[in-house]
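Report on one structure; see the data block that follows.
The values are calculated or read from the model by the stated rules, or taken from the named source; none is laboratory data. Here the structure is a predicted model, which means the values were calculated and not measured. Neighbour counts are summed over all protein chains in view; Cβ atoms, including those assigned to glycine, are modelled from backbone coordinates with ideal geometry. These area figures cover heavy atoms from the full protein model, side chains too; ligands, DNA and RNA do not enter into them. Shrake-Rupley method; radii C 1.70, N 1.55, O 1.52, S 1.80 Å.
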Amino acid sequence: MTETMKNLTNETADGAGEGVAHVATNGQAADDGKPIIRICDLHKSYDDLVVLRGVDLEVKRGEVVVILGPSGSGKSTLLRCVNLLEQPTGGQVFFEDTEITAKGTDINAVRAKVGMVFQSFNLFPHLTAKGNVMLAQQKVLKRSKEEAAKVAVEQLTKVGLAERVDYKPSQLSGGQQQRVAIARALAMDPHVMLFDEATSALDPELVRDVLGVMKELARGGMTMIVVTHEMGFARDVADRVIFMDGGVIVEEGTPDEVFDHPKSDRTKDFLGHIR
Amino acid sequence: MHMQNLKANTVRTAFCALLVSFALVFAGAAQVAVAPTNAYALDTAKCTAKPNVSGSSDVLGGVETRITWEGQADPDEQIAGVTFTLPEGTTCEPGDTRATMLTGDDLMTRTNLDVSVDYKDGKLTVNFSEPAQAGGYFRVEIYKVKFSEMGGDMQLTGAYTLADGTEVAMDTLPAITVKSHSFFESLSDSLAQQDWVKSWNSVLFLKLFLNPSVFVSSLPVVFWGFLMAIGIVACAFPLAIPFGLLLSLMRMSKLRVLRGIATAYVNVVRGTPLFLQIYIAFFGLPLAGIQIPTFPLGVIVLAMNSSAYLCEIFRAGIQSISKGQFEAARSLGMNGAQTMLFVIIPQTVRRVIPTMTSEFILLYKDTSMLAAVGTMEIVMNAKTIVASTGSITPYVVAACFYLIITLPLAKVVGNLESRLASNDTGKGGKKKRKSKKHAIGTGDAAGALGSGAGTAAAEARATGDAVAAKRPDAVEGTGITPEQMSSL
């Protein structure tokens, strides 16, 4: 833990590292005010079950958006529609200048620029931590083995796992696995990162490490959409908080607005239960 | 009288020698035709051998055999003894040698001759205690002769001594054809002589099913079938694996046509007996004018059959991989093929190895079906010995040849499965991880999401028997469905 923090602090102090530098440019680009992701009237249903009933959302470059809501409110589905892990049944999703919901879009090219971190880590169990981070770099970005390995070690060092590069996922704790998963996504130099309840499967004391990495990432200027139940994280890091319920966005605003002065009864009720 | 005889003999011998040389020049038949009419010498009527052991009439090397020689002496010839030189590598126990003389009209008078036998350096001399009556018909029986185990045509040479001490060589004796006799056959024979084997075989059940001497003599024959069976699976299984994998990918394909073809194939092959498939291939194809030799055709039929089962094994294996693995790979921008090749299949291989091994065992046993179309595999080889001995023991030998492969492999399957199971429980999913503080969560993502499916599949397969392996629908993972895969 201390080691992790130290690494992270070093990272901040140096300001070095390709990933962070890259993210920083994204952060600066936020000034152009153009949204990196635009979601218009998004609908999603499974047979009779309607999950999303018309969601509109824009995310600017460098912005950190936290999505809150009770389970079944459609927040994870919304996130998964951003990289088409779920195929929307209606509406449009734009990433940068591409409408990814349009037919003929090279979705793999888009996905390579959209990092995603899952609740259940989803590391590849047959590969080492380094192998996990290298695979997509080699296969998708066509980086050489040496380059992929170099980036993998850098990214794993950034998340505080320099000494665990050759471990298999089964030899790592949940928190370590999730940090490998983050490194794996970051190694692709993503323009935006999606976090789908990244800390929900972790023991409380392991949550801290992962949240630390995520905070660091946010400070570095990475555009992030985070589905979480960590209110503290939302308050600290979020530029904007969205409260969803019943497949629609119920309330939206800065952390202060949503947490301290919620307008809707539904939000008040939810936050009341959380506290 | 004696002098006259001798003179006559000499003349006749010279004449005979001339004839023989003629015969050698022209044909062997001439000699046979001419010699009896000039029955000057002791005339060999017969020189044969018979095995002492009843049952087979073949003369086998290394087995106790009786040699019978019969010859007609000239009316004025008094025989005092005969000598036989046995071929090299032949042994005999001269003690029991018997000589009989038949005389009188129609050779009805039988006299057992009193003989002294001398056996030295492969030369067996039978001396009559007194010169026998002239013109007799002699029979000499030599017991307990063992020809060389190598077998081949055994050529004896003979000579006889007249009352005056003259030694005359016999005409060329007919050769005795001896079959080679292996170590196993010798062992089998010596076993059959053992007392414990005799008392063992006095129990009908033991004699039928576990006759030691038949057991031993079956070993080399059934072993050839064993090699054949191994050869068939060694060719068929490697063929079935890629074909089965292809079928499983087709069955999970987005394209309805591919899915339909693979599904139909798998259902037809799994829904009909292998026996019938073999019949159709072996009897149908030649009628259709397609001639494929037995071995490759057997390999093809078994490979095609096995691939349908392997298809279902692979499908269950792939579907037992958690959906999260597909999603993680796809979210990184990998396409479907890359996901399959670098993420899903490597994990599947580890999971399906136990079930694949079970399928290998089944395939190995299924080679026996080819006996129905005459492939000389284990059962067919055993069957031929059963037919000639009337003992069921060769089938028991056949069973042993199956077991020496299947039992160790079953053990391997068991070990692999328990290792897989302990891995799964080690990964333990969420519950365990939460219950243990600071647990080195051994869990990988697949373990967390997929352990349910994985364990169920492993349990269903753990029985490792035909039923479980041949019914992969019972072991299908609850992982990703084709629809979900297509949607990714």
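By the gyration tensor of its Cα atoms, with a ≥ b ≥ c the square roots of the eigenvalues, what is the shape of the stretch B:162-227: rounded for a/c under 1.5, prolate for a/b over b/c, or oblate? Please list the in-between numbers first.
Details: a/c = 4.95, a/b = 2.11, b/c = 2.35.
Because a/c hits 1.5 or more and a/b fails to exceed b/c, the stretch B:162-227 counts as oblate.
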- Message: Please give me, ordered by residue number, the trypsin sites (Lys or Arg not before Pro) of the stretch A:55-94 that lie in loop per DSSP and have at most 10 other Cβ atoms within 10 Å.
- Response: none
- So for B:ILE261, A:ILE242, what's the accessible-area order with a 1.4 Å probe, most first? B:ILE261, A:ILE242
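Is the stretch B:60-104 best put as rounded, prolate or oblate by its Cα gyration tensor, with a ≥ b ≥ c the root eigenvalues, rounded for a/c under 1.5, and otherwise prolate when a/b is larger than b/c, oblate when not?
Numbers: a/c = 2.67, a/b = 2.26, b/c = 1.18.
Taking the square roots of the gyration eigenvalues as a ≥ b ≥ c, the stretch B:60-104 is prolate.
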- Task: Give the long-range amide H neighbours of B:GLY136: residues separated by 5 or more places, or on another chain, with amide H under 5 Å away, using H modelled in the peptide plane at 1.01 Å from N.
- Result: B:ALA73
- Here the stretch B:221-226 yields Karplus 3J(HN,Hα) values (6.51, -1.76, 1.60; θ = phi - 60°; whole Hz; Gly and Pro given as x) of 5, 5, 4, 4, x, 4
- Item | Overall form of the stretch A:86-232 per C-alpha gyration tensor (a/c, 1.5; a/b vs b/c) | oblate
- Task: Subtracting the Cα-Cα distance from 0.36 nm times the residue separation, let me have the gained length for B:ASP114 to B:ASP153 in nm, one decimal.
- Result: 10.9 nm
- Express in whole angstrom the spacing between the alpha-carbon centres of the stretch A:220-275 and the stretch B:195-209. 88 Å
- Message: Let me confirm one metric for peptide A:179-185, namely the mean number of other chain beta-carbon atoms within 10 Å of its residues' beta-carbons.
- Response: 1
- Message: Check which residues have an amide H placed less than 5 Å from B:VAL178's amide H, if you skip close sequence neighbours.
- Response: B:GLY152, B:ASP153, B:MET154
- How large is ³J(HN,Hα), in whole Hz, for each residue of the stretch A:237-242 in order, when computed from phi with the Karplus curve 6.51 cos²θ - 1.76 cosθ + 1.60 and θ = phi - 60°, using x for Gly and Pro? 9, 5, 7, 8, 10, 10
- If the chain between B:GLU88 and B:ALA288 were fully stretched, how many nm would it gain, using 0.36 nm times the residue separation less the Cα-Cα distance? 66.4 nm
- Centroid-to-centroid separation of the stretch B:266-283 and the stretch B:377-413 [C-alpha atoms, Å]: 24 Å
- Provide B:CYS235, B:CYS47 ordered by accessible surface of protein heavy atoms (probe 1.4 Å), highest first. B:CYS235, B:CYS47
- Item | Check: the stretch A:42-91 dipole with +1 on Lys, Arg Cβ and -1 on Asp, Glu Cβ, in debye | 160 debye
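Quote the total accessible area buried by chains B and A together, excluding ligands, DNA and RNA, probe 1.4 Å, nearest 100 Å². Intermediate values should be presented prior to the final figure.
Working: alone 25300 and 12450 Å², together 34900 Å².
The buried area between B and A, both sides summed, comes to about 2900 Å².
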- Item | For the stretch B:42-178, the spread of Cα positions along each principal axis, largest first, Å | 42, 30, 25
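Just in the stretch A:82-164: which trypsin sites (Lys or Arg not before Pro) are loop by DSSP and have at most 15 other Cβ atoms within 10 Å? Please list the in-between numbers first.
Values: sites: A:LYS103, A:ARG111, A:LYS113, A:LYS130, A:LYS139, A:LYS142, A:ARG143, A:LYS145, A:LYS150, A:LYS158, A:ARG164; in loops: A:LYS103, A:LYS142, A:ARG143.
Passing sites in the stretch A:82-164 are A:LYS103, A:LYS142.
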- Item | With every protein chain in place, the stretch A:145-203: carbon and sulfur % of accessible area (1.4 Å) | 46 percent
- May I ask for the distance between the Cα centers of the stretch B:69-113 and the stretch B:228-258, given as a whole number of Å? 72 Å
- Amide hydrogen neighbours beyond the local backbone of B:ALA45, cut-off 5 Å, H modeled: B:GLU70, B:GLY71, B:GLN72
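Could you tally up the Lys pairs in the stretch B:42-178 with alpha carbons closer than 18 Å? Skip any pair fewer than 8 positions apart unless they're on separate chains.
Working: B:LYS50/B:LYS144; B:LYS50/B:LYS146; B:LYS120/B:LYS144; B:LYS120/B:LYS146; B:LYS123/B:LYS144; B:LYS123/B:LYS146.
Lysine pairs meeting the criterion: 6.
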